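Below: the structure, in structure tokens.
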Amino acid sequence: RTPQLKVVGVYHSAENVQEASNEVRDQTLKHPEINAWIVIGPWPLQNKSLLKVIDPAVVKIVGLGCLPAELAFVEKGAVLYSENPYQMGYVSVQTIIQKFFQKMPIPAIVKYDLNGSRVRQDNMRFWAQSLSTWGYKEVPDELIYSGHGHVWVAPGPHSVPDSKFKGEN
């Protein structure tokens, strides 16, 4: 459907950082014509050693998920679509209450809006601050604090500024 794109392959791996990053590394070395990766799970991007093989400024990376370990890829040019972890938990608890306490019928697949945010180099500090506020301990301090010891401001503990993310696809 998009003639300018050629899919080299679809690669599966277990939800395992090492296995997934090895697959991306091996396929990148095997197919030097690869100029972009679409990563549906965050696992390969949680291994910073992959940056020795892939330069996100040259090989475009678009992925779903943006945990602290993946911010190194965003710093180099990857664009990641984040999920709001509180939304996932809220929908799960709401569904349990509806089924077991309110005796409501529940569909086999419960859909919800990911409430995703596009995380890029120019707004990653806001996302990093939100991750830190949400309790993620692995966020690098240099992404949370300015050079003067001040926290980069991201309003509210459960969101990043809408103006930084919404309406961008």
For this session: Confirm whether residue 33 is assigned to a helix (DSSP H, G or I) and among the acidic types (Asp, Glu).
Result: no
Problem set entry | Evaluation of residue 16 against (1) modelled with pLDDT of 90 or more; (2) over 16 Å from the mean Cα position of the chain (by Cα); (3) among the polar types (S, T, N, Q) (one fails), failing number | (2)
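Which ranges mark the helices (runs of 4 or more DSSP H) fully within the stretch 68-136 that have 1 or more residues being farther than 23 Å from residue 41 by Cβ, touching a strand residue (DSSP E or B) at 6+ places or on another chain (Cβ under 9 Å) and at pLDDT 85 or above?
Answer list for the stretch 68-136: 124-133.
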For this session: Find the residue count for the stretch 24-45, including only residues that are buried (at least 21 other Cβ atoms within 10 Å of the Cβ) and over 20 Å from residue 5 (Cα atoms).
Result: 4
Exercise. Pick from 48, 111, 60: which is free of Cβ contacts under 8 Å to residues at least 60 places away in the same chain, loosely packed, with under 10 Cβ neighbours inside 10 Å and of a type in the set (Lys, Arg)?
Worked result: 111
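The values are calculated or read from the model by the stated rules, or taken from the named source; none is laboratory data. Computed from a prediction, not measured in an experiment: that's the story for all the values here. Backbone-built Cβ (ideal geometry, glycine too); neighbour counts: all protein chains shown.
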